[in-house]
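Worksheet: one structure, shown below.
The values are calculated or read from the model by the stated rules, or taken from the named source; none is laboratory data. Bear in mind that the values here come from a model prediction, so they are computed numbers and not experimental data. FYI the Cβ positions are ideal-geometry reconstructions off the backbone, even for glycines, and counts take in every protein chain you see.
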Amino acid sequence: MNDINKLLEIMDALRNPDTGCPWDLEQDFSTIAPYTIEEAYEVADAIFRDDMPGLRDELGDLLFQVVFYARMAREAGAFDFDDVVDGICDKMLRRHPHVFGSDEERAAGLREGSWERIKAHERGQRDDEGALAGVARSLPALKRAQKLGKRAAGVGFDWPDRSGVRDKIAEEMAELEEVVDAGVHARVEEEFGDLLFAIVNLARHLDVDAEKALMHANLKFERRFREMEAAISGSGGRLQDHSLESLDVEWRAAKRRLS
């Protein structure tokens, strides 16, 4: 038996209304969605840790989410797993004319911006909501900000170079300081958000994935902090008993040891 067919049969058994699993039978699209997001993050975490056995397992968990949705959609008469596979196959063939297209398209090769133009054409066939249509609200905020900025840039709403973005960051920083100094706390979050959005636009101009960059920064901070913590604990001390100046010395030492 094909392994994917075996997985589909397992899902069918779990959702069997007479003999299935009570928990699986209680689920719907909205209750499963948080698990899908969690599984996607666990896939990314395994990649960052270079854990290939873990990645294999996490990809299986993520695939199971797809099978779960397809089964529920089949029950609703909307689509089934084969429709999902057919849809992604058609999309990949359509979006790679330099690989699967005509002789002329393959000879022309991959052209800059062609992927986005094809995607924009697909969006235009589905809706008339404008350039920002289809940027999922459930994305992590940094990732969504970068996608929104890229979409806007695609229709010409962007700075010509990163100097304009740096000026915008300075402007937003000044506005944040202004509301902080004025004690207008209700606007602090708003202005801080504007500053973050401007910084994400700088990441886009630098061709840096803001979400990935922050994930790496988090991991780096965690490694250094744990190294500092272990060093202080190893000498019989506690972090809370050290002054900020002393902690800074230990932090710099930890950075040198890990460099």
Item to check | Hits in region 18-75 - residues which are under 30 Å from residue 219 (Cα atoms) and not in a helix (DSSP H, G or I) | outcome: 49, 50, 51
Checklist entry - Looking only at residues in region 148-197 that are among the small types (Gly, Ala, Ser) and over 30 Å from residue 118 (Cβ atoms), which one is surrounded by the most Cβ atoms within 10 Å (Cβ to Cβ)? => result 193
Item to check | Every residue from region 183-206 that is modelled with pLDDT of 95 or more and in a loop (DSSP other than H, G, I, E, B) | outcome: 206
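Here's the yes/no breakdown for (1) farther than 24 Å from residue 259 by Cβ; (2) free of Cβ contacts under 8 Å to residues at least 60 places away in the same chain:
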{"position": "172", "(1), (2)": "yes, yes"}
{"position": "186", "(1), (2)": "yes, yes"}
{"position": "194", "(1), (2)": "yes, yes"}
{"position": "210", "(1), (2)": "yes, no"}
{"position": "218", "(1), (2)": "no, yes"}
{"position": "226", "(1), (2)": "no, yes"}
Next on the checklist: Can you list residue pairs whose Cβ atoms sit under 9 Å apart, with the first residue in region 22-33 being assigned by TED's automatic domain parsing to the domain that holds residue 78 and the second being of a type in the set (D, E, K, R) and modelled with pLDDT of 95 or more? Count only pairs 6 or more apart in sequence or on different chains.
Outcome noted: 24/15; 25/15; 27/15
